[in-house]
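*Asks:* Pasting a structure here, questions to come.
The values are calculated or read from the model by the stated rules, or taken from the named source; none is laboratory data. The model shown is predicted, which means the values in this text are computed figures rather than measured ones. Cβ sites come from the backbone with ideal geometry, for glycine too, and all protein chains shown count toward neighbours.
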């Protein structure tokens, strides 16, 4: 993919990376995250909290294991937080029913962190807030073609 871009990753990608129940999505998530480590990618602090919650609630992982997974994300990537203006924008987007509050907060915060791409399975591909466009990470044979373009 030519041009300047900065990526972020939604929580679901990290969950798939740690969930062996869908080997295809797990492999694609691992490939995506591994490829993004060598590129300009930052992760929302919100994602670390959501990862902990998803691992302990949905996957029934031990709290120490979920906390370590969140720490591993913190160690592997730059991070950014949510500002007051990102919360305001997320509230407006959610109120207008364009996004769930948490998805809107992720995208609004990513926009402020100068991200242009958000890899997510949970949001509609092509959806955007500001300069941040959602890219579907999974395709019929692993990583989607669009995601692969960013890793080239």
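*Asks:* Just give me the residues in segment 141-152 being more than 15 Å from residue 7 (Cβ to Cβ) and modelled with pLDDT of 90 or more, in sequence order. Lay out the reasoning, then the answer.
*Replies:* First, pick out the residues of segment 141-152 that are more than 15 Å from residue 7 (Cβ to Cβ): 141-142, 145.
Within segment 141-152, 142, 145 qualify.
*Asks:* A further question on this structure: Restricting to segment 98-107, name every residue that is assigned to a helix (DSSP H, G or I) and out of contact with any strand residue (DSSP E or B) (no Cβ under 7 Å at 6 or more places or on another chain).
*Replies:* Residues satisfying the conditions are 101, 102, 103, 105.
*Asks:* Can you confirm whether segment 96-105 contains a residue that is out of contact with any helix residue (DSSP H, G or I) (no Cβ under 6 Å at 6 or more places or on another chain) and buried (at least 20 other Cβ atoms within 10 Å of the Cβ)?
*Replies:* Looking for residues that are out of contact with any helix residue (DSSP H, G or I) (no Cβ under 6 Å at 6 or more places or on another chain) and buried (at least 20 other Cβ atoms within 10 Å of the Cβ), one finds at least one in segment 96-105, hence yes.
*Asks:* If a residue must be on the phi < 0 side of the Ramachandran plot and part of a loop (DSSP other than H, G, I, E, B), how many such residues does segment 122-152 contain?
*Replies:* 12
*Asks:* Of all residues in segment 48-79, count the ones that are in contact with a strand residue (DSSP E or B) (Cβ under 7 Å, 6 or more places away or on another chain) and either exposed (fewer than 13 other Cβ atoms within 10 Å of the Cβ) or farther than 13 Å from residue 7 by Cα (or both).
*Replies:* 2
*Asks:* Has segment 108-116 got at least one residue that is assigned to a helix (DSSP H, G or I), touching a helix residue (DSSP H, G or I) at 6+ places or on another chain (Cβ under 9 Å), modelled with pLDDT of 95 or more and over 16 Å from residue 6 (Cβ atoms)?
*Replies:* The answer is no; no qualifying residue exists.
*Asks:* Quick check on segment 12-57: of everything there that is touching a helix residue (DSSP H, G or I) at 6+ places or on another chain (Cβ under 7 Å) and touching a residue at least 60 places away in the same chain (Cβ under 8 Å), which residue is farthest from residue 80 (Cα to Cα)?
*Replies:* 25
*Asks:* Taking helices (runs of 4 or more DSSP H) that do not extend beyond segment 8-97, which have at least 3 residues that are under 16 Å from the mean Cα position of the chain (by Cα) and modelled with pLDDT of 95 or more?
*Replies:* 11-17, 23-37, 45-57, 63-76
*Asks:* Filter segment 81-91 down to the residues that are over 13 Å from residue 49 (Cα atoms), without any contact (Cβ under 8 Å) to a residue 40 or more places away in the chain and touching a helix residue (DSSP H, G or I) at 6+ places or on another chain (Cβ under 8 Å) and list them by number.
*Replies:* Once the filter is applied, which keeps residues that are over 13 Å from residue 49 (Cα atoms), without any contact (Cβ under 8 Å) to a residue 40 or more places away in the chain and touching a helix residue (DSSP H, G or I) at 6+ places or on another chain (Cβ under 8 Å), segment 81-91 yields 83, 85, 86, 87, 90, 91.
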